[in-house]
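Asks: Here you go, one structure.
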Amino acid sequence: MTIEGSDTAIARSFQRARFEIIPVKGIEEQAEHLPDHAVVTITSSPSKGLDPTLELAEQLLQRDLRVVPHIAARLVPSSAHLQEILERLSSLGISEIFVIAGDAKEPAGPFEGAAALLRGMHEIGHRLERIGIAGYPESHAFISDSTTIQAMFEKVPFADYIVSQICYDPAVTKRWIGAVRERGVNLPIYIGLPGVVNRARLARISMKVGLGDSIRFLAKQSGVVSKLLRGYVPDELVRELAPYLDRQHHRVHGWHLFTFNEVEQTERWRREQVSLHLP
């Protein structure tokens, strides 16, 4: 792998980076900083349900963006409601979603996790072109490693790509990518990176989504809270993980930026990465 080849791969990966935002008050203003044609995923909250996610998705469709709502299995109360969601997505022209279990303590209906929801969607039928699922380089805060491994096998037949949750240890992420491939899972992977986070904004978001939701959201990976509260720029993670962009057998397709609604600063940093690595 040449340095030039690596730089080219990094620049291209940031040109097509994905953005994740949270549907709380004030995000519309921050969303104005999203680049045209960007893929933007919208999280869902166990306390607020799926409606804010879908409402924000509808608003952002007015711009030249590829909008990807998160559909949390544990927030869907019935198969009938799932069918309504799929019909709403189709009517909006949304062709991609991200399916997760969600952090609700108890499922609202028959869907215990993402695999069950994906099977339900398959049985109902849908017009979606792409479906993403989550991967966990570090142990999930609430699910055992053996369960997450088994769940991935169950989800893979219905999915098109994997997004890794934030992990601040690049060695752990590398081992996880290798383990995924060794288990015979060949879906493309997008590596989750924290955006450039401001302490004050993070605190405001924590209050808006509710203390319980915030703790669950931020505690999924060890060290997230302390690192983000100090202010964080993911340059080191990029340096360590970028070589995987050039390794075809690992099928790492790029970055998924967890903005924590700090879109303006994260987008400025992304553009800097493109400029820095262009040949």
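Asks: Can you go through 41, 53 and tell me which one is part of a helix (DSSP H, G or I), among the polar types (S, T, N, Q) and either surrounded by 21 or more Cβ atoms within 10 Å (Cβ to Cβ) or under 16 Å from the mean Cα position of the chain (by Cα) (or both)? Give the derivation first.
Replies: Details: 41 fails: part of a helix (DSSP H, G or I).
After ruling out the rest, the residue left standing is 53.
Asks: Then there's this: Out of all the residues in the range 158-171, is one or more modelled with pLDDT of 95 or more, of a type in the set (Gly, Ala, Ser), within 17 Å of the chain's Cα centre (by Cα) and within 30 Å of residue 268 (Cβ to Cβ)?
Replies: Going residue by residue through the range 158-171, those that are modelled with pLDDT of 95 or more are 158-163.
Among the residues that remain, those that are also of a type in the set (Gly, Ala, Ser) are: 159.
Pick out the ones that are also within 17 Å of the chain's Cα centre (by Cα) and you get 159.
From what is left, the residues that are within 30 Å of residue 268 (Cβ to Cβ) are none.
No.
Asks: Answer yes if at least one residue in the range 69-79 is modelled with pLDDT of 95 or more and under 30 Å from residue 247 (Cα atoms), and no otherwise. Spell out how you get there, then give the answer.
Replies: So in the range 69-79, the residues modelled with pLDDT of 95 or more come out as 69-79.
Narrowing the set further to residues that are under 30 Å from residue 247 (Cα atoms) leaves 69-70.
Yes, the range 69-79 contains a residue that is modelled with pLDDT of 95 or more and under 30 Å from residue 247 (Cα atoms).
Asks: Now for a different question. Taking the range 244-263 as the search range and keeping residues that are assigned to a helix (DSSP H, G or I) and surrounded by fewer than 17 Cβ atoms within 10 Å (Cβ to Cβ), which one is modelled with the lowest pLDDT?
Replies: 246
Asks: Here is a further query. Taking the range 56-66 as the search range and keeping residues that are in contact (Cβ under 8 Å) with a residue 12 or more places away in the chain and assigned to a loop (DSSP other than H, G, I, E, B), which one is nearest to the chain's Cα centre (by Cα)?
Replies: At the first step, the residues of the range 56-66 found to be in contact (Cβ under 8 Å) with a residue 12 or more places away in the chain are 56-61, 63-66.
Next cut, assigned to a loop (DSSP other than H, G, I, E, B) only: 61, 63-65.
Details: 61: 18, 63: 20, 64: 20, 65: 16 Å.
Per the criteria, the residue is 65.
Table: residues versus (1) modelled with pLDDT under 95; (2) surrounded by 21 or more Cβ atoms within 10 Å (Cβ to Cβ).
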{"site": "175", "(1), (2)": "yes, no"}
{"site": "183", "(1), (2)": "yes, no"}
{"site": "187", "(1), (2)": "no, no"}
{"site": "192", "(1), (2)": "yes, yes"}
{"site": "198", "(1), (2)": "yes, no"}
{"site": "202", "(1), (2)": "yes, no"}
{"site": "220", "(1), (2)": "yes, no"}
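Asks: Out of the residues in the range 1-26 that are of a type in the set (A, V, I, L, M) and over 20 Å from residue 89 (Cβ atoms), which is surrounded by the most Cβ atoms within 10 Å (Cβ to Cβ)? Before the answer, list the steps.
Replies: Here is the first cut: in the range 1-26, the ones of a type in the set (A, V, I, L, M) are 1, 3, 9-11, 17, 21-22, 24.
Applying the additional criterion that residues be over 20 Å from residue 89 (Cβ atoms) yields 1, 3, 9-11, 17, 24.
Working: 1: 11, 3: 8, 9: 20, 10: 24, 11: 16, 17: 22, 24: 18.
Looking at residues that are of a type in the set (A, V, I, L, M) and over 20 Å from residue 89 (Cβ atoms), I get 10.
Asks: While we're here: Can you find a residue in the range 232-240 that is surrounded by fewer than 20 Cβ atoms within 10 Å (Cβ to Cβ), over 27 Å from residue 66 (Cα atoms) and at pLDDT below 85?
Replies: No: zero hits.
Asks: Within the range 20-37, is there a residue that is under 20 Å from residue 239 (Cβ atoms), part of a loop (DSSP other than H, G, I, E, B) and within 17 Å of the chain's Cα centre (by Cα)?
Replies: No, the conditions are met nowhere in the range 20-37.
Asks: So residue 61 fits all but one of (1) in contact with a helix residue (DSSP H, G or I) (Cβ under 8 Å, 6 or more places away or on another chain); (2) buried (at least 16 other Cβ atoms within 10 Å of the Cβ); (3) modelled with pLDDT of 95 or more; what number is the exception?
Replies: It fails just one condition, (2).
Asks: Here's another thing I want to ask about it. Looking at the structure I just gave you, is residue 88 closer than 15 Å to residue 151 by Cβ, surrounded by fewer than 18 Cβ atoms within 10 Å (Cβ to Cβ) and not aliphatic (A, V, I, L, M)?
Replies: Numbers: closer than 15 Å to residue 151 by Cβ: no; surrounded by fewer than 18 Cβ atoms within 10 Å (Cβ to Cβ): yes; not aliphatic (A, V, I, L, M): yes.
Against the criterion (closer than 15 Å to residue 151 by Cβ, surrounded by fewer than 18 Cβ atoms within 10 Å (Cβ to Cβ) and not aliphatic (A, V, I, L, M)), residue 88 does not qualify.
Asks: For residue 96, work out the one condition from (1) farther than 17 Å from residue 48 by Cα; (2) more than 13 Å from the chain's Cα centre (by Cα) it doesn't fulfil.
Replies: All conditions pass for residue 96, except number (2).
Asks: Can you give me the number of residues within the range 137-150 that are surrounded by fewer than 22 Cβ atoms within 10 Å (Cβ to Cβ) and either modelled with pLDDT of 90 or more or under 17 Å from the mean Cα position of the chain (by Cα) (or both)? Let's see the steps before the verdict.
Replies: First, pick out the residues of the range 137-150 that are surrounded by fewer than 22 Cβ atoms within 10 Å (Cβ to Cβ): 138-150.
Subsequent filtering for residues that are either modelled with pLDDT of 90 or more or under 17 Å from the mean Cα position of the chain (by Cα) (or both) retains 138-141, 148.
Total meeting the criteria: 5.
The values are calculated or read from the model by the stated rules, or taken from the named source; none is laboratory data. Here the structure is a predicted model, which means the values were calculated and not measured. Cβ coordinates were reconstructed from backbone atoms using ideal geometry, including for glycine residues, and neighbour counts include every protein chain displayed.
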